[in-house]
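Trainee: Pasting in a structure now, in structure tokens, and then I'll have a few things to ask.
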Amino acid sequence: MSTSTRPDPLQLVLGDEELLVERAVASVIGAVRAAAGPAGDDIPVSRLRAGDASAPELAELLSPSLFAEDRVVVLEAAAEAGKDAVALVQDAAADLPEGVVLVVLHSGAGRAKAMAGVLQKSGATVHQCAKLKAGERVDFVRGEFRTAGVRVSPEVIELVVEAVGSDLRELAAACSQLVADTGGKIDAGAVQRYYSGKAEVSGFDVADKAVTGDRRGAMEALRWAMHRGVAHVLLADALADAVHTIARVGSAGRGDPFRMASELGMPPWKIKKAQGQARGWDPASIGEALQVVAKLNADVKGQAADADYAVEWAVQRVASLHSGR
């Protein structure tokens, strides 16, 4: 008999980060089957979209069975469910039949937005799967290495995020590949060897060249990134991050990067890099560069008629502001 703990009958997967959603659903199904012991592989899993399911279909899946057999029901796209489906799911969730584990996938928005709150009040176990912010991607990468049983330095984690970009699938794959190919002995050099050409694609090479005044190099890297299909918003984010980092490090004055790390909330290597870049900037030029990246942020999110032109202009302008060029 299995000693694994069976998951609570009501599970709410909240958010729309696909990789996290998939992992949450897989973990629930895996836990249900593990708790059932040798018979776990035979437990049926039904998946259906809330908007596509009729009330009778939902009622049949969520109704009690004669022998209370174990089963998992995964209800996808619950945020888009119709009024009748929402009522049925909420009623069933309040008193699920024995043996049923209901997994509701909800984006947190949509026309059935209120359902998420109702399910939480009904005692749902919540799996947070919202899109990750920049700082949270660092934690994600750290977690991927920890799960693989590998300890890496903060510099390695930052380099992976900068080199690979914001896509969680790519980040997870990069961590797995690095672990496999290095035997778990991962340093900054390994990341740079494996992803030396990737940084251009993520936009960080564009930003680094722009903030050091290398206008020609920045434009060449930008054209390559655009050719590879890098999203305008990622290019804008990389440029903004570089400018904001220089502004913060520059205003903090010269100092030991290791002592400044906790105050600025940055790894020492990033502070040291920004200190070198900051030599070509003064308060007036960095102030104008901050305005440029703020405008670019708005432009790539819909205000500009031509996003390609907006990014090109911003990169050239930032490069020209370095050392008053």
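The values are calculated or read from the model by the stated rules, or taken from the named source; none is laboratory data. What you see is a predicted model, and the numbers here were worked out from it, not measured in a lab. Neighbour counts are summed over all protein chains in view; Cβ atoms, including those assigned to glycine, are modelled from backbone coordinates with ideal geometry. With ligands, DNA and RNA removed, areas are computed over all heavy atoms of the protein, side chains included. Shrake-Rupley method; radii C 1.70, N 1.55, O 1.52, S 1.80 Å.
Trainee: Provide the three semi-axes, in whole Å and in decreasing order, of the ellipsoid equivalent to the stretch 222-263 as defined by the square roots of 5 times the Cα gyration tensor eigenvalues.
Mentor: 31, 9, 8
Trainee: Between 0 and 90 degrees, rounded to the nearest ten: what's the tilt of helix 154-164 against the longest Cα principal axis of the chain?
Mentor: Compared with the principal axis, the helix lies near 90 degrees.
Trainee: Given the pairs K209/K272; K209/K295; K113/K301; K131/K185; K131/K273, which span a C-alpha to C-alpha distance of over 26 angstrom in this model?
Mentor: From the list (K209/K272; K209/K295; K113/K301; K131/K185; K131/K273), the Cα-Cα distance tops 26 Å for K131/K185; K131/K273.
Trainee: Something else now. If you take the square roots of the eigenvalues of the alpha-carbon gyration tensor of the stretch 205-244 and sort them as a ≥ b ≥ c, do you get rounded (a/c under 1.5), prolate (a/b over b/c) or oblate?
Mentor: Verdict is oblate for the stretch 205-244.
Trainee: Given a 1.4 Å probe and every protein chain left where it sits, what share in percent of the accessible area of the chain is carbon and sulfur?
Mentor: Here it works out to 51 percent.
Trainee: Residues in the stretch 6-39, backbone N under 15 Å from the label point at Q120 (7 Å along the Cα-to-beta-carbon vector): list them, ranges by number please.
Mentor: Within reach of a label on Q120: 11-16.
Trainee: To the nearest 20 debye, what is the magnitude of the charge dipole of the chain about its Cα centre, counting +1 on the Cβ of each Lys and Arg and -1 on the Cβ of each Asp and Glu?
Mentor: 1360
Trainee: Right, here's the next one. Based on the alpha carbons, how large is the Rg to Rh ratio for the stretch 191-309 when Rh follows Kirkwood?
Mentor: 0.98
Trainee: Can you tell which of G30, A180, S262 lies farthest toward the positive end of the dipole of the chain, using +1 and -1 charges on the Cβ of basic and acidic side chains (Lys, Arg; Asp, Glu)?
Mentor: So the residue furthest toward the plus end is S262.
Trainee: Let me ask something else. With n ≥ 4 as the cut-off for DSSP H runs, can you work out [θ] at 222 nm for the chain, using -39500 (n - 2.57) per run divided by the number of residues, rounded to the nearest 500?
Mentor: -18000 deg cm²/dmol
Trainee: Next up: Specify the angular offset, from 0 to 90 degrees and rounded to the nearest 10, of the alpha carbon long axis of helix 268-277 from the longest principal axis of the alpha carbons in the chain.
Mentor: 40
Trainee: Would you work out if the chain is rounded, prolate or oblate? Take a ≥ b ≥ c from the square roots of the eigenvalues of the alpha-carbon gyration tensor; rounded if a/c is under 1.5, else prolate when a/b is larger than b/c, oblate otherwise.
Mentor: Here the chain falls in the prolate category.
Trainee: Output the 0 to 90 degree angle, nearest 10, between the alpha-carbon long axis of helix 168-182 and the longest principal axis computed from the alpha carbons of the chain.
Mentor: That helix lies at roughly 80 degrees to the long axis.
Trainee: Please give the net charge around E69, taking every other residue with its beta carbon less than 10 angstrom from that of E69, where Lys and Arg add +1 and Asp and Glu add -1.
Mentor: That works out to -2.
Trainee: May I pose another question? List the relative contact order of the stretch 209-325 as a percent without decimals, with contacts defined as Cα pairs under 8 Å and 6+ residues apart.
Mentor: It comes to 43 percent, rounded to a whole number.
Trainee: By the gyration tensor of its Cα atoms, with a ≥ b ≥ c the square roots of the eigenvalues, what is the shape of the stretch 58-133: rounded for a/c under 1.5, prolate for a/b over b/c, or oblate?
Mentor: prolate
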